[in-house]
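Beneath this line is the structure, given in structure tokens, with notes to follow.
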Amino acid sequence: MQPKHMMEGYRILDFTQFLAGPTTTRLLAEMGAEVIKVELAPAGDPTHQLPHRRAGRSGYYIQQNRGKKSVCVDIRNPKGLALIKELVKSCDVLLENFSPGAIARLGLGWDVARQLNPELIMCSLSAFGQTGPLSELPGFDYIAMAVSGVMDMIGDPDQPPYFPMLGIGDVSAGVHALAAINAALLYRYKTGRGQYIDISLLDSYFHSHEINVQAYSGSKGKIVPRRSGHHHYAAAPLGLFKCRDGYLFMVVMARQWVPLCKAMGRDDLVDNPNYDTNAKRVQNRLEIVAIIEDWLRDYDRDDALRLLQDMHVPVAPVLSVPEAMEHPHLIEREVVRTIHDRGYGDLQIPGIPLRFSDFPEPLDLQAPYLGEHNREVFSQFAGVTVAEVAALEAEGVLVSEPLPAGVATIARA
């Protein structure tokens with residue numbers, strides 16, 4: 001029988017919240033894994049409260065937690081911890097993104113988890129990693145961005161650095177964790193051994209320095225990477241260029257210089273000794289920017305885009321979020337995807353970026369309500385009856401929110 005997707009048959013115990021860890025487990029759920037999201041009583045994942053909310057549901061929470069089962073547990077209660085320990089025994093992966101040491105203080109550190117399940121893959125995500133002088137500090141995406149040297153590379157040279165309104169570090173760390181987990185599962189397949197994985201946002205951010213670190217080191221400090229505003233400090237022309245009604249981004253390397261000159265009708269620039277190498281173009285990049293923008297002044301963005309694309313110059317329009325969401329390429333490939341949540345209604349979200357020939361269609365998944373799967377999960381994997389689950393909910397060891405009228409629970413095999 002054809003499996004529903006790549007990771008069907010793997011069970012993930014997910015202690016993560018916000019973005020980095022939920023990115024990993026969301027991708028695993030999108031690939032068919034059974035993901036049991038452990039939400040800490042009484043309120044669960046704080047993203048339940050993030051906007052935009054509709055009918056008591058958070059679009060943020062829905063986007064990051066589709067396809068998961070939710071259990072809500074007071075893990076500080078010995079009864080709640082005992083239930084979770086039973087789940088650990090039947091799971092393939094345990095993922096957590098608390099501050100370093102917190103999972104151990106809750107009673108589920110690696111030393112305990114590996115005794116419960118010697119074949120378990122356990123992965124911890126944090127801002128700075130599980131070891132090192134900064135490891136005990138609290139941190140979020142932008143905190144790691146600042147320490148990594150990435151934030152200092154963004155902005156104008158004579159102004160304070162900027163930060164992008166995106167979860168780049170969280171998502172990057174989540175994908176790094178996914179790669180490590182899948183490699184560890186492959187290693188377990190070959191050896192039967194479980195493993196502990198330490199993933200940090202700082203490591204992931206620093207991994208993004210494609211030129212800065214090696215250039216500074218290799219030049220023995222003669223090249224000092226610096227933020228350079230709208231144009232790159234090491235290649236030219238490479239950056240933002242203003243048209244009559246918007247902006248284009250161009251990447252013109254050695255092979256594209258001649259096509260760019262021809263597109264502008266400026267054959268005289270091709271062999272100009274001031275611009276005939278990248279080093280000279282970088283040295284004289286302000287002159288080149290002025291030449292290009294003087295040419296673009298008479299063009300609307302889309303007209304200039306077509307002209308440059310016809311000459312195979314690497315160029316793109318700088319789209320707003322609404323413009324990107326309406327772009328036919330993103331819609332056709334379901335990069336922007338419309339889903340229907342049984343409580344929230346229709347919602348556009350980013351689609352899964354992983355594509356497989358055997359599984360061309362995305363799974364139809366729903367985000368859980370808080371504690372929705374307490375009875376299903378604990379009766380199936382922790383050896384308690386449905387009546388005992390109800391008693392534990394009455395006691396406050398387990399928590400669940402009532403489903404709105406007309407909303408049916410989603411049972412997942």
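The values are calculated or read from the model by the stated rules, or taken from the named source; none is laboratory data. Every value quoted in this text rests on a predicted model; they were computed, and no experiment measured them. So basically every Cβ, Gly included, is an ideal-geometry build from the backbone, and we count neighbours across all protein chains shown. All accessible areas refer to the heavy atoms of the entire protein, side chains included, with ligands and DNA or RNA removed. Shrake-Rupley method; radii C 1.70, N 1.55, O 1.52, S 1.80 Å.
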### Task
Assess whether Leu347 counts as being within 20 Å of the chain's Cα centre (by Cα) and surrounded by 14 or more Cβ atoms within 10 Å (Cβ to Cβ).
yes
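Looking at Ala367, Ala411, which is the one that is outside any helix (DSSP H, G or I), on the phi < 0 side of the Ramachandran plot and modelled with pLDDT under 95?
Result: Ala411 is the single residue among Ala367, Ala411 that is outside any helix (DSSP H, G or I), on the phi < 0 side of the Ramachandran plot and modelled with pLDDT under 95.
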### Task
Test Ile168 against the criterion of being farther than 26 Å from Ala29 by Cβ and surrounded by 13 or more Cβ atoms within 10 Å (Cβ to Cβ), and give yes or no.
no
### Summary
Counting only residues that are among the basic types (Lys, Arg), open to solvent by less than 40 Å² (accessible area, probe 1.4 Å) and more than 11 Å from Phe241 (Cβ to Cβ), region 281-321 contains a total of 1
### Query
Among the residues of region 186-205, is any part of a loop (DSSP other than H, G, I, E, B), out of contact with any strand residue (DSSP E or B) (no Cβ under 8 Å at 6 or more places or on another chain) and under 30 Å from Tyr162 (Cβ atoms)?
no
### Query
Asn374 is checked against (1) of a type in the set (S, T, N, Q); (2) in contact (Cβ under 8 Å) with a residue 24 or more places away in the chain; (3) open to solvent by 20 Å² or more (accessible area, probe 1.4 Å) and fails just one. What number does that condition carry?
(3)
### Task
May I ask you to say which residue of Glu361, Glu401, Glu376, Glu372 is under 22 Å from Arg26 (Cβ atoms) and modelled with pLDDT under 95?
Glu361
### Query
open to solvent by less than 30 Å² (accessible area, probe 1.4 Å), out of contact with any helix residue (DSSP H, G or I) (no Cβ under 8 Å at 6 or more places or on another chain) and more than 21 Å from Pro100 (Cα to Cα) - does that describe any residue in region 142-159?
yes
### Summary
Residue hits (region 265-280; open to solvent by less than 40 Å² (accessible area, probe 1.4 Å) and touching a Leu at 6+ places or on another chain (Cβ under 9 Å)) are Leu269, Tyr275
